[in-house]
Amino acid sequence: MIFVTVGTHEQPFNRLLKSVDELIKNHVITEKVIMQTGYSTYKPKYAQTSQFIEYSEMNELMTEARIVITHGGPASFLDVISKGKTPIVVPRQLKFQEHVNDHQVTFTEQVMKKGYPLERVLNVGNLGNVIENYDDLSTVNMISHNDQFVANLEKIVDGLF
């Protein structure tokens, strides 16, 4: 199962939802897909959807999913990493009017530079290839270094402001 979450930001994230829906339609994705659609105006035709999902249910879906595709909000993709999985992260971008600026692009770049496991996709045209090759990049050796992680994360966030 693939779980997709766009978060709760007020601007639509139609670009991601349309892309995943097309991948299902074209049989690039053949497994069940569940999408949390938020305030998006695009209504997926080929996936199970909910506008919003309670945190406990979202946590279960992230745990059960083979692949989690998420926006670039830290809480979402860090939850996936904490479960020992490599998230596919599609940051919201200003040029597509998905957010007020490009902080998700910047933040994910900084997190990747620190060596945390995530697969960032800026161009949704590349999403199908990333999904098809997911098993080759999803081996995460999670050793808990929570204190170090939190300290590094705080530095990254402070650097953005």
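Nothing in this text is a laboratory measurement; each read-out follows from the coordinates by a stated rule. Just so it is clear, the model here is predicted, and its values are computed rather than measured. Please note: Cβ atoms are built from the backbone with ideal geometry, for glycine as well, and neighbour counts cover all protein chains shown.
Taking the stated definitions as given, is Lys45 in contact with a helix residue (DSSP H, G or I) (Cβ under 8 Å, 6 or more places away or on another chain) and farther than 24 Å from Asn133 by Cα? In short, yes. Quick one: is Val20 within 14 Å of Glu54 (Cα to Cα) and under 13 Å from the mean Cα position of the chain (by Cα)? Here the answer is no, as Val20 does not meet what is asked.
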